[in-house]
Amino acid sequence: MAAALQRHVDSATGREFAGLARNLFGNVRLDFSTANEDKSRMVSAMLGACRLTRLEADRHIVLGEHVTAGPDDPDAIKLILQTDGSASLAQGGLHAPVSANALVIYDPRRPYMLTNSTPVRQLLLQLPRHALPLAAVGRLAMPFTAHATQDGMCSILLSLMESTMHEIGHLDEARRSSVGQTMIDLVRSMIGGDMQPARSVGNPLDLLLQRIKNFIDSNLVRPDLTVSMIARRMGCSVRYVYRAFESECLTPSDYIWDLRLQRGAAQLREASGGYAGEISEIAFALGFSSSAHFSRAFRNRYGASPSQWRKAELS
């Protein structure tokens, strides 16, 4: 049981630290300059829709100019809780100091530079963008800061994040999801201010489903479009992507293939002649690995080959 739980935890030390950081946080660049990168350690785990990470590192700079440059880069709001050391986040013309027991919440889509001027210990929480009200995300045009000694919610969140990381290897997926949702609620309370209550924003799973469908629609041509890629881009777990599709009564993969076949049928109607070359072009343009793959899937769906189906449609 313990071994199964540990499989959901990502970790890296030393020279592998920067690679895992890019994998988890998107297109970021880490500059250790003359500092000792070998002292770096990172442990990270999904908490349902959230990702919680603990890191220790020597002084370094994080440059986030194009964090979501690739379609599979995670798109999430980020929260840094400093437990030791001193740092400063520069974004949108504002320099936000981050001292021990303080936090900063920011939107990584906007270019930023995080300067860790001393060795640091940090807890990082990534929240899916759809989990926050649009007004709250808009408010993050500038970083949001708080301190545990002055903000009760910040103190509670700090305690919860620290205790969760301590117990992460003993929590099953259901408990992790529950803790992650609690963290989302705390963050919403912190930055919500006088905005409308959370329930007016709508069902988070419905919002996630719409974002996923938009992403699939824009990336349908990619043969490597997978549920794992979608989860990374949405900043949530694979299980959460499946949950978003429960209301559709089909899996994410089924949705992708159904959409490809629907698009294929529409393009076949518009094809000038329906020749083998045209069918191959349609197949590859919709992310199929070959025309044979497309033809098999099409026959299973429509009961006829692409060329036979086109002739019947035009007759």
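Kindly indicate which of Ala271, Ala231, Ala283 is open to solvent by less than 40 Å² (accessible area, probe 1.4 Å) and over 30 Å from the mean Cα position of the chain (by Cα).
Working: Ala231 fails: over 30 Å from the mean Cα position of the chain (by Cα); Ala283 fails: over 30 Å from the mean Cα position of the chain (by Cα).
After ruling out the rest, the residue left standing is Ala271.
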Which members of region 98-118 meet the condition of being open to solvent by less than 10 Å² (accessible area, probe 1.4 Å), modelled with pLDDT under 90 and not aliphatic (A, V, I, L, M)?
none
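Mind checking which strands (runs of 3 or more DSSP E) fall wholly inside region 32-101 and carry at least 2 residues that are out of contact with any helix residue (DSSP H, G or I) (no Cβ under 9 Å at 6 or more places or on another chain)?
Working: elements: 41-47, 50-57, 60-64, 76-84, 87-91, 94-98.
It comes to 60-64, 76-84, 87-91, 94-98.
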Condition met for Leu30 (at pLDDT 90 or above, among the aliphatic types (A, V, I, L, M) and within 19 Å of the chain's Cα centre (by Cα))
no
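I'd like to verify a number: residues in region 14-45 that are open to solvent by 80 Å² or more (accessible area, probe 1.4 Å), in contact (Cβ under 8 Å) with a residue 12 or more places away in the chain and not basic (Lys, Arg), how many? Let's see the steps before the verdict.
Step one: of region 14-45, the residues open to solvent by 80 Å² or more (accessible area, probe 1.4 Å) are 15-16, 22, 29, 33-34, 38-39, 41.
When the remaining residues are screened for being in contact (Cβ under 8 Å) with a residue 12 or more places away in the chain, the result is 15, 29, 33, 38-39, 41.
Filter again for not basic (Lys, Arg), leaving 33, 38.
Result for region 14-45: 2.
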Would you mind stating whether Gly85 is open to solvent by less than 30 Å² (accessible area, probe 1.4 Å), within 28 Å of Ala35 (Cβ to Cβ), over 18 Å from the mean Cα position of the chain (by Cα) and in contact (Cβ under 8 Å) with a residue 24 or more places away in the chain?
yes
Filter region 150-175 for residues that are surrounded by 15 or more Cβ atoms within 10 Å (Cβ to Cβ), touching a residue at least 40 places away in the same chain (Cβ under 8 Å) and charged (D, E, K, R) and give the result.
Glu173
Name the pairs: first residue in region 215-243 and in contact (Cβ under 8 Å) with a residue 60 or more places away in the chain, second residue open to solvent by 60 Å² or more (accessible area, probe 1.4 Å) and in a loop (DSSP other than H, G, I, E, B), Cβ to Cβ under 8 Å, at least 6 apart or on different chains?
Pro223/Ser289
Could you tell me whether any residue of region 179-194 is open to solvent by 20 Å² or more (accessible area, probe 1.4 Å), modelled with pLDDT under 80 and not hydroxyl-bearing (Ser, Thr, Tyr)?
yes
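Looking at region 296-315 only, could you name the residues that are open to solvent by 40 Å² or more (accessible area, probe 1.4 Å) and not in a loop (DSSP other than H, G, I, E, B)? Give the derivation first.
Pass one, region 296-315, residues open to solvent by 40 Å² or more (accessible area, probe 1.4 Å): 296, 299-303, 307-308, 311-315.
Scanning region 296-315 gives Arg296, Arg299, Asn300, Arg301, Tyr302, Ser307, Gln308, Lys311, Ala312, Glu313, Leu314.
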So in region 46-63, with the set limited to residues that are charged (D, E, K, R) and crowded, with 22+ Cβ neighbours inside 10 Å, which one is nearest to Arg129 (Cα to Cα)?
Arg51
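The values are calculated or read from the model by the stated rules, or taken from the named source; none is laboratory data. None of these values were measured; they are calculated from a predicted model. Please note: Cβ atoms are built from the backbone with ideal geometry, for glycine as well, and neighbour counts cover all protein chains shown. Note: accessible area is taken over every heavy atom of the protein model, side chains too, but ligands, DNA and RNA are not part of it. Shrake-Rupley method; radii C 1.70, N 1.55, O 1.52, S 1.80 Å.
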